[in-house]
Amino acid sequence: MRAILAVLLFASAAWSQASIQILSDSIQVLVGRTMTFRAIVRDAQGNPVPNGAVTWATNTSGLATIDANGLLTARSLGTVRVQARSGSLFSEAAIQTIPSRVEIAPDRISLDVGKQQRFTATAFDANGAAIPGVAFAWSVLNYRLGTSQVARIDTNGLLTGASEGGAMVLGTYNYGDVQTGLQ
């Protein structure tokens, strides 16, 4: 009987805190687009507080900005932390800003052993404009997605042919801020 009473008291204590919840339609937004956030402020009993005043912010205005109504505008690639405050209450949600597409050039080459070819990658926003300042990491894989010995690529995208065979060149953008659910 004491164990059951302790569990009930613990569950009751969990609801004694007021809270704020951030809602959005997605966890990703294209650079150059907007998305709207809502916040639900709850009282100590878990009931929504009508017209609970919320102040919005992001952790970096270089990646995205958010206005007083919760409208976020994505400016560059990264993981953005959207913050909502209501009095002493605080909540945070992670959103990933993504490109509409990435182009790697050249898209296909034939390279002799010992010869070199520079690769470039460009990320584009929702309007088709190149996103400035995106640094790509380079790698070479065989067609079975394992590491390849047929070529080497340096940090600047310079590929050097090492032996005969075929391979894929990958340009990858590292978001740097790992969040559960964001790949």
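FYI, it's all coordinate maths here, none of it is from the lab. It should be emphasised that the depicted structure is a prediction, and the values quoted were computed from it without experimental measurement. We place every Cβ from the backbone using ideal geometry, glycine too, and count neighbours over all the protein chains shown.
What full-extension length gain, to one decimal in nm, is calculated for S110 and N156 as 0.36 nm per residue of separation minus the Cα-Cα distance?
Details: separation 46, 0.36 × 46 = 16.56 nm, distance 1.94 nm.
14.6 nm is the gain from fully extending S110 to N156.
Based on the Kirkwood radius over alpha-carbon pairs, what is the Stokes-Einstein translational diffusion coefficient of the range 11-135 at 25 °C with 0.890 mPa s viscosity, in µm²/s?
Numbers: Rh = 17.0 Å.
Result for D is 144 µm²/s.
Give me the distance in nm between label points sitting 7 Å out from Cα along the Cα-to-Cβ direction at T55 and D43, one decimal.
For T55 paired with D43, the spin-label model returns 2.4 nm.
Roughly speaking, what is the centre-to-centre gap between the range 59-111 and the range 113-165 when only Cα atoms are used, to the nearest Å?
Answer, in whole Å: 25.
Within the range 55-143, which chymotrypsin sites (Phe, Trp or Tyr not before Pro) sit in a loop by DSSP and count at most 15 neighbouring Cβ atoms inside 10 Å?
Y143
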